[in-house]
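One structure is given here, and the rest of the page talks about it.
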Amino acid sequence: DIITAEGLGFVKLAYFHFHKDQLFQIYIKISEDKIGYYLLLKSLTQKYGNPSDLKPKKAFWINDKVKIAIEKPCIIKYQYLPVWNELVSKDATSDTLMNKLREDFLKNF
């Protein structure tokens, strides 16, 4: 299931993905004119240390339970890995999982 919420202020839009009533993914589109990608990068680096991977248009931090990613223009993604990995292992590839998530989103839209 997916819950979509329009934001006010700093958040433009957010998606909350659930599997068996457990939240496992959050996608947040931030208002670029209020908080930019580099401000997010600086803030998360101060909080969590250097990213596990850093590229010009995206960065992420990962541990055994959680992956937090930021992408340009100004998007934050959160994944709870135990549920994510369970879904990926069931579907063999993340492309298959993405197709299922897309279908669920369109069904609930």
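The values are calculated or read from the model by the stated rules, or taken from the named source; none is laboratory data. Note that the structure is a prediction, hence the values are computed from the model and not measured. Virtual Cβ from ideal backbone geometry, glycine too; neighbours counted across all protein chains shown. Surface accessibility is based on the protein's heavy atoms, side chains included, excluding ligands, DNA and RNA. Shrake-Rupley method; radii C 1.70, N 1.55, O 1.52, S 1.80 Å.
Which one, (i) 14.8; (ii) 14.3; (iii) 13.5, gives Kirkwood radius over Cα pairs in Å as derived from the coordinates shown? Step by step, Kirkwood radius over Cα pairs in Å for this structure corresponds to label (i). The protection proxy used here, the mean number of other Cβ atoms lying within 10 Å of each residue, ranks peptides 39-48, 66-75 as follows, highest first: 66-75, 39-48.
Summarising the label geometry, the points placed 7 Å from Cα in the beta-carbon direction at GLN46 and LEU106 lie 4.3 nm from one another. Each residue of the stretch 72-82 is assigned a 3J(HN,Hα), and the resulting list reads 6, x, 6, 10, 10, 10, 10, 10, 8, 5, x Hz, derived from the Karplus form 6.51 cos²θ - 1.76 cosθ + 1.60 (θ = phi - 60°), x at Gly and Pro.
Computed on the chain, with alpha-carbon pairs under 8 angstrom and 6+ residues apart, the relative contact order is 22 percent. Please find the FRET efficiency linking HIS19 to GLU71, where r is the Cβ-Cβ separation and R0 is fixed at 25 Å, and quote it to the nearest 0.05. In this case the efficiency is close to 0.65.
Sorting 81-88, 6-13 by their mean Cβ neighbour count within 10 Å, with the most densely packed peptide first, gives 81-88, 6-13. For helix 94-108, report the angle its Cα long axis makes with the longest principal axis of the Cα atoms of the chain; keep it between 0 and 90° and round to the nearest 10°. Value to nearest ten degrees: 80. The long axis of helix 37-48 is offset from the longest Cα principal axis of the chain by roughly 80 degrees.
Per residue, the accessible area of the chain comes to 67 Å² when a 1.4 Å probe rolls over the protein heavy atoms.
Need one word for the stretch 1-47: rounded, prolate or oblate. Basis is the Cα gyration tensor (sqrt eigenvalues a ≥ b ≥ c); a/c below 1.5 gives rounded, then a/b vs b/c decides. Verdict is oblate for the stretch 1-47.
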